[in-house]
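Shown next, in structure tokens, is the structure this report addresses.
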Amino acid sequence: MKQSKLFTKTQKDAPKDEVSLNAQLLIRAGFVDKLMAGVYTMLPLGLRVMKKIENIIREEMNGIGGQEILMPSLHPKENWTITGRWDTMDDLYKVKDSSDREMALGPTHEEIVVPLAHKFINSYKDLPFAVYQFQNKFRMELRSKSGVLRGREFIMKDLYSFHISEEDLNKYYESAKQAYFRIFEKAGLKDKTHLTFASGGSFSKYSHEFQTVTSAGEDIIYVCQKCNIAVNKEIIDETNKCPECDSSDFQEEKAIEVGNIFKLNTKFSVPFDLSVMDEKGEKKTVIMGCYGIGLGRLMGTVVEVHHDAKGMIWPEAVAPFKVHLISLGKNEEAEKIYAELQKNNIEVLFDDRDESAGKKFADADLIGIPYRVVVSGKSMQAGGVEVKKRNEEKSEIIEMTYLLQKLK
């Protein structure tokens, strides 16, 4: 993409009411636009990052047998009444049409996916299976003050698994847990993300969160210094010891929750009578698990972890482009390099704008693409182009014949 054709522009300052660093940088760099508190438009650069995150997640969900679907955002009141959550869920957006029919804007999809499964599950032979989606969620969030980390409308990946036995659920739950670790590793959060024990509420003894340590975190977790597992603040008083290794040596940290997994057991199967006959001919209630990741929240967390005073530093797997090609002055060589990079399927943002070198470098640092390639009279005299990684201070001159080799 040529930057001169990009309809968005970088900004010197972020909106004064935006206090979170992730939103400040994403808005200034032209990745997102704030419509109102907790509601953002994904602009071209931001949407490219979201699609990279989506594809990483999709690959891992497919890898553990998930089948992708897309369920509606608009839910009938009746489904939520059956589970009792129409009256008990505080952050549920309720709407009414002109015929007084009441509906909900979906904050989650258990009330929809269970009746859906009911239509197709006839026997224990139909189990196990898992379905997932990438779908807008709506939550009446009263404290939308953390940029894209806490939204009123946001995209979530939610996966739901269905099982004949607790043993089968446990086996799948572990595979999902490992898939989540791979997702956060690919997104550049491996070293800072901890599996965190949290209260299971009415579902089970424990649920699990994936918490990424950062000073911008909204949550307090306690990281076991022996096994690296963490415990959520809400359950530390009742456990006192690590549920994994029994150690009591914890380090308190601030963290952002980037994903969660729950064993729902029969919490939603019972209200909808989701059951099958087992191989002995006995009626068995289907057991469930659910597994969520907020895509915008993950993007914001990556920004909070990977940045410096100049701007964002995107890990390569989620960066909007791999290369930021900068032409200083009009030269045909830069156009040739741009064409060559595209020909070799290397994603490139080409800064062909009529701007000063200082403006172009400042924008490149703010946007944070992994590789900066500068084509100028000075670099050409030195025998090539100037290449600099965003997370490194030094640049180097590389001959054109080796540029593609280095970038590949």
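Couple of notes before you dig in:
- Every residue from region 136-192 that is more than 28 Å from Ile287 (Cβ to Cβ) and among the β-branched types (Val, Ile, Thr): Val148
- When Ala334, Ala357, Ala339 are screened for being aliphatic (A, V, I, L, M), in the same structural domain as Arg390 (by TED's automatic domain parsing) and out of contact with any strand residue (DSSP E or B) (no Cβ under 9 Å at 6 or more places or on another chain), only Ala339 passes.
- Within region 388-402, no residue that is in contact (Cβ under 8 Å) with a residue 40 or more places away in the chain sits with its Cβ atom under 6 Å from a residue that is among the aromatic types (Phe, Trp, Tyr) and loosely packed, with under 15 Cβ neighbours inside 10 Å at 6+ positions apart or across chains.
- Options Arg48, Arg28; residue that is touching a residue at least 40 places away in the same chain (Cβ under 8 Å) and either assigned by TED's automatic domain parsing to the domain that holds Lys336 or over 18 Å from Leu295 (Cα atoms) (or both): Arg28
- For the residues Ala362, Ala334, the requirement of being assigned to a helix (DSSP H, G or I), crowded, with 19+ Cβ neighbours inside 10 Å and either free of Cβ contacts under 8 Å to residues at least 12 places away in the same chain or of a type in the set (Gly, Ala, Ser) (or both) singles out Ala334.
- All of (1) within 30 Å of Glu355 (Cβ to Cβ); (2) part of a helix (DSSP H, G or I) hold for Ile56 with one exception: (1).
- Among the conditions (1) charged (D, E, K, R); (2) without any contact (Cβ under 8 Å) to a residue 12 or more places away in the chain; (3) under 22 Å from Leu195 (Cβ atoms), the only one that Arg297 does not satisfy is (2).
- Odd one out for Arg182 among (1) farther than 15 Å from Gly292 by Cα; (2) surrounded by fewer than 20 Cβ atoms within 10 Å (Cβ to Cβ): (1)
- Qualifying residues in region 224-265 (those that are touching a residue at least 12 places away in the same chain (Cβ under 8 Å), in a loop (DSSP other than H, G, I, E, B) and among the acidic types (Asp, Glu)) - the one surrounded by the most Cβ atoms within 10 Å (Cβ to Cβ): Glu244
- Residue count for region 348-384, restricted to those that are at pLDDT 95 or above and farther than 27 Å from Lys12 by Cβ: 0.
- With respect to being surrounded by 19 or more Cβ atoms within 10 Å (Cβ to Cβ) and small (Gly, Ala, Ser), Gly368 fits the description.
- No other residue among Ile229, Ile221, Ile235 is β-branched (Val, Ile, Thr) and closer than 24 Å to Gly151 by Cα apart from Ile221.
- Checking each residue in region 312-331 for being assigned to a strand (DSSP E or B) and under 14 Å from Gly384 (Cα atoms) picks out Leu325, Ile326, Ser327.
- Among residues of region 97-125 being free of Cβ contacts under 8 Å to residues at least 12 places away in the same chain and under 20 Å from Asp168 (Cβ atoms), the one that is surrounded by the most Cβ atoms within 10 Å (Cβ to Cβ) is Lys125.
- Checking Glu78, Glu60 one by one, the residue that is closer than 21 Å to Ile183 by Cα and either touching a residue at least 60 places away in the same chain (Cβ under 8 Å) or surrounded by fewer than 13 Cβ atoms within 10 Å (Cβ to Cβ) (or both) is Glu60 and no other.
Residue-wise test of (1) part of a loop (DSSP other than H, G, I, E, B); (2) buried (at least 16 other Cβ atoms within 10 Å of the Cβ); (3) hydrophobic (A, V, I, L, M, F, W, C).
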{"position": "Val131", "(1), (2), (3)": "no, yes, yes"}
{"position": "Gln178", "(1), (2), (3)": "no, no, no"}
{"position": "Asp191", "(1), (2), (3)": "no, no, no"}
{"position": "Thr196", "(1), (2), (3)": "no, yes, no"}
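The values are calculated or read from the model by the stated rules, or taken from the named source; none is laboratory data. Everything numeric here is computed off the predicted structure, so don't read it as measured data. With ideal geometry, Cβ positions are generated from the backbone for all residues, glycine too; neighbour counts draw on all protein chains shown.
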